[in-house]
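What follows is calculated from the coordinates using simple rules that are stated; it is not laboratory data. Quick caveat: nothing in here was measured; it's all calculated off a predicted structure. Positions of Cβ are backbone-derived with ideal geometry, glycine not excepted, and every protein chain shown enters the neighbour counts.
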């Protein structure tokens, strides 16, 4: 059995989370998802075949692209028409992701700064490979002697995704019509009982972006990353039940855990980004330093 170094294990994580870009992925067989001539996603082949049954909403594949019908010429018309199709498809056994329906709307647009062209149910976004955005907060402390420790949460065993794995202090998806700052404060309060007066001191420091595929579709994701230095005497508490417990761990322990299967993969990437930015990973001694940076910041 091969024995991998810490660096090699981290590279395997980054490759997994960017496997859509690798040879042999479904990318070559996907159709572009276009609205008003702009690409907003990638539709896997098994989804394209299902959409042909809804010609009043989706055009037939043409030139490698699937578009919405021209009559759907507004944000509301597009959103409602696509949602009706998705409601119809919820009974398809082949679309397991729709069994996790959340009644949560995500915006669909070419770039984050663009006006949204429609909204889509969160559980369905992987079927169309539309970009998903979220907010992740690194909570940490600095002792009087300068030692840095990080707060991690362990996800509830009843979570729909990645139950029981380690997570950042707080995190959440960016729903339609909700700002990044509002999401930051809300998730800190709901998940870790952090008062707004403390949460609002978090600093936006980075984004982490990647695209992976699995049996449920294509996931282009970008996380807006914040660092929040917490007072030494403050302890986050379990709030809405999405986390079962919080741990304050030395940075060396966090670094060790990044190379294990105990971490939710994208949360491990956010923590890795923290280690790099705070110089806990040294470019003079880390052979994959540049590869780490590239894997954390892929163009969606």
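Please rank 180, 251, fewest neighbouring Cβ atoms within 10 Å first, as an exposure proxy. Please list the in-between numbers first.
Numbers: 180 14, 251 17.
Result, fewest neighbours first: 180, 251.
Each residue in 260, 207 was given a count of other beta-carbon atoms within 10 angstrom of its own, and listing them fewest first yields 260, 207.
As an exercise, use a Förster radius of 30 Å and the Cβ-Cβ distance of residue 190 and residue 277 to find the FRET efficiency, rounded to the nearest 0.05.
Using R0 = 30 Å, I get an efficiency of 0.70.
With 5 Å bins beginning at zero, the pair-distance distribution over Cα atoms of region 138-228 amounts to 3, 11, 19, 23, 22, 14, 6, 3, 1, 0 %. Over region 58-204, all Cα pairs binned in 5 Å intervals from 0 give whole-percent P(r) values of 2, 8, 14, 17, 17, 14, 10, 7, 6, 3, 1, 1, 0, listed from short to long. Orientation-averaged projection of the chain equals 17.0 nm² [convex hull of Cα atoms, one quarter of hull surface area]. Within region 124-277, the proportion of Cα pairs with more than 25 Å between them is 25 percent.
Estimated from helices alone, the mean residue ellipticity of the chain at 222 nm is -8000 deg cm²/dmol (sum of -39500 (n - 2.57) over DSSP H runs with n ≥ 4, per residue). Its Cα gyration tensor gives region 99-140 an equivalent ellipsoid, and the semi-axes of that ellipsoid, as √(5λ) in whole Å with the largest first, are 20, 16, 9. Annotation for region 274-300 versus region 38-91: alpha-carbon center distance of 38 Å. The length gained on full extension between residue 293 and residue 15, counted as 0.36 nm times the residue separation minus their Cα-Cα distance, comes to 98.9 nm. Spin-label model, residue 46/residue 176: points 7 Å from Cα along the beta carbon direction are separated by 2.7 nm. Our summary gives the chain a relative contact order of 20 percent, counting only alpha carbon pairs under 8 angstrom and 6 or more residues apart.
With a ≥ b ≥ c taken as the square roots of the eigenvalues of the C-alpha gyration tensor of region 26-128, please select rounded if a/c is under 1.5 and otherwise prolate if a/b is larger than b/c or oblate if it is not? Rounded, since a/c falls under 1.5.
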